[in-house]
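Below is one structure; the comments refer to it alone.
The values are calculated or read from the model by the stated rules, or taken from the named source; none is laboratory data. Owing to the predicted nature of the structure, the values given are computational and were not obtained by experimental measurement. Using ideal geometry, Cβ is built from the backbone for each residue, glycine included, and neighbour counts are taken over all protein chains shown.
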């Protein structure tokens, strides 16, 4: 995966409560309990300082695990202005004329 997508930020996530996982060159970024008072769900990344905060949110649906929100530590270099697109309706007769022109070119 890292060879195929060298610029991607890869996150390995899961419920690792039964596995004592140690991954070389990966860092655990969840630092709050994910189920009751235990940290079971883990998230590993190679970007050590890629996330500044980890927030524990409410449980989702019938799950007994909390939703975790990761806040990236980077700031965008610039914010782009919104792009506005104007659409216009074409008359049905113009669409038919265009279609007829396309049909004879093939």
Inset, instruction - Out of 32, 75, report the one residue that is in contact (Cβ under 8 Å) with a residue 12 or more places away in the chain and assigned to a loop (DSSP other than H, G, I, E, B). - result: 32
Inset, instruction - Could you grab the pairs with beta carbons closer than 8 Å, sequence gap of 6+ or different chains, first residue in the stretch 39-53 and within 10 Å of residue 73 (Cβ to Cβ), second one modelled with pLDDT of 85 or more and surrounded by 15 or more Cβ atoms within 10 Å (Cβ to Cβ)? - result: 50/29; 51/29; 51/45; 51/70; 53/70
Legend entry - Criterion violated by residue 75 - all others in (1) modelled with pLDDT under 80; (2) under 30 Å from residue 34 (Cβ atoms); (3) over 19 Å from the mean Cα position of the chain (by Cα) satisfied: (3)
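Yes or no, residue by residue, for (1) out of contact with any strand residue (DSSP E or B) (no Cβ under 6 Å at 6 or more places or on another chain); (2) modelled with pLDDT of 85 or more; (3) surrounded by 10 or more Cβ atoms within 10 Å (Cβ to Cβ):
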{"position": "34", "(1), (2), (3)": "no, yes, yes"}
{"position": "52", "(1), (2), (3)": "no, yes, yes"}
{"position": "88", "(1), (2), (3)": "yes, no, no"}
{"position": "98", "(1), (2), (3)": "yes, no, yes"}
{"position": "102", "(1), (2), (3)": "yes, no, no"}
Legend entry - Members of the stretch 35-51 found to be over 10 Å from residue 11 (Cβ atoms) and part of a loop (DSSP other than H, G, I, E, B), listed by number: 36, 37, 39, 40, 48, 49
